[in-house]
Amino acid sequence: MLSQVMTGPGDLTDPELLGMTQLLIVSGLDTVAAAIGFSLFELARRPQLRRELAEKPEQIKVFIEEIVRLEPSAPLAARVTTDFVNVGGMTLPLGTPVRLCTAAINRDGSDVISTDNLVMDGKMHRHWGFGGGPHRCLGFPPGTDRTGHRCRRVAQADP
């Protein structure tokens with residue numbers, strides 16, 4: 001696929017091609033492993049939560065979303081401004097490289113969900129752990145499925 005993109009019609013620059021290559025290599029490896037690791041760590045720290053998930057496996061999806069909100073596998077997103085942007089009273093010109101910290105956005109206290117606490121209220125809450133809009137992670141459905149499978153097995157295992 002990558003060779004077709006590199007040699008086919010289109011006007012991608014070398015830095016854009018390099019970025020796409022890095023994305024394809026990194027996106028499916030470390031991110032899923034990190035989500036599984038953070039999930040299993042939380043279950044090991046909280047035996048009561050593990051028991052609750054064993055009794056109510058439908059809550060595992062909520063748990064995974066919360067883990068990704070609190071500990072996003074890719075906590076920084078590199079972007080470039082496409083227009084003048086005002087951030088905190090400072091104007092960034094068009095073309096300014098920026099790093100967005102999704103880990104901070106998900107914990108900024110802007111609402112009752114954006115806290116440092118694991119919110120297990122049975123609801124799926126919006127967060128930026130998978131990005132958003134056109135930059136939303138394409139691998140989030142299979143990644144959360146794999147993470148859910150691991151969590152389900154751990155939750156149902158004998159202590």
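Given Leu118, Leu92, which one is over 27 Å from Gly37 (Cβ atoms), surrounded by fewer than 16 Cβ atoms within 10 Å (Cβ to Cβ) and either touching a strand residue (DSSP E or B) at 6+ places or on another chain (Cβ under 9 Å) or at pLDDT 85 or above (or both)?
Leu92
Any residue that is within 17 Å of His135 (Cα to Cα), surrounded by 10 or more Cβ atoms within 10 Å (Cβ to Cβ) and within 20 Å of the chain's Cα centre (by Cα) - is there at least one of those in segment 4-16?
No, the conditions are met nowhere in segment 4-16.
Here is a yes/no grid of residues against (1) under 20 Å from Phe38 (Cβ atoms); (2) touching a strand residue (DSSP E or B) at 6+ places or on another chain (Cβ under 7 Å); (3) among the basic types (Lys, Arg); (4) free of Cβ contacts under 8 Å to residues at least 24 places away in the same chain:
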site	(1), (2), (3), (4)
Arg99	no, yes, yes, yes
Asp108	yes, no, no, yes
Pro134	no, no, no, yes
Pro141	yes, no, no, yes
Gly148	yes, no, no, no
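If you check Thr31 against the conditions, is it within 19 Å of Asn106 (Cβ to Cβ) and of a type in the set (S, T, N, Q)?
Answer is yes for this residue.
Checking the conditions here, which among Ala54, Ala44, Ala35 is of a type outside the set (Phe, Trp, Tyr), under 17 Å from Ala155 (Cβ atoms) and crowded, with 20+ Cβ neighbours inside 10 Å?
After applying the criteria, what remains is Ala35.
Name the single residue that is surrounded by the fewest Cβ atoms within 10 Å (Cβ to Cβ) among those in segment 17-32 being at pLDDT below 85 and within 30 Å of Leu118 (Cα to Cα).
Leu29
Considering segment 66-89 alone, what residues qualify as being buried (at least 18 other Cβ atoms within 10 Å of the Cβ) and in contact with a Lys or Arg (Cβ under 9 Å, 6 or more places away or on another chain)?
Arg69, Leu70
Quick one: how many residues across segment 134-151 are in a helix (DSSP H, G or I) and either under 13 Å from the mean Cα position of the chain (by Cα) or of a type in the set (A, V, I, L, M, F, W, C) (or both)?
Residues flagged as in a helix (DSSP H, G or I) and either under 13 Å from the mean Cα position of the chain (by Cα) or of a type in the set (A, V, I, L, M, F, W, C) (or both) within segment 134-151 amount to 8.
Phe130: aromatic (Phe, Trp, Tyr) and within 21 Å of Thr31 (Cα to Cα), yes or no?
Yes.
Would you be able to tell me the number of residues in segment 28-54 that are in a loop (DSSP other than H, G, I, E, B) and among the aliphatic types (A, V, I, L, M)?
Number satisfying all stated conditions: 1.
Please work out which one of (1) of a type in the set (D, E, K, R); (2) at pLDDT 90 or above; (3) assigned to a loop (DSSP other than H, G, I, E, B) is the condition Arg126 fails and give its number.
Evaluating Arg126 over (1) of a type in the set (D, E, K, R); (2) at pLDDT 90 or above; (3) assigned to a loop (DSSP other than H, G, I, E, B) leaves (2) as the failure.
For segment 80-107, what are the residues that are part of a strand (DSSP E or B) and more than 30 Å from Gly148 (Cα to Cα)?
Scanning segment 80-107 gives Val80, Val85, Asn86, Val87, Met90, Thr91, Leu92, Pro97, Val98.
The values are calculated or read from the model by the stated rules, or taken from the named source; none is laboratory data. These numbers come from a predicted model, not from an experiment. Cβ: placed from backbone, ideal geometry, glycine included. Neighbour counts: every protein chain shown.
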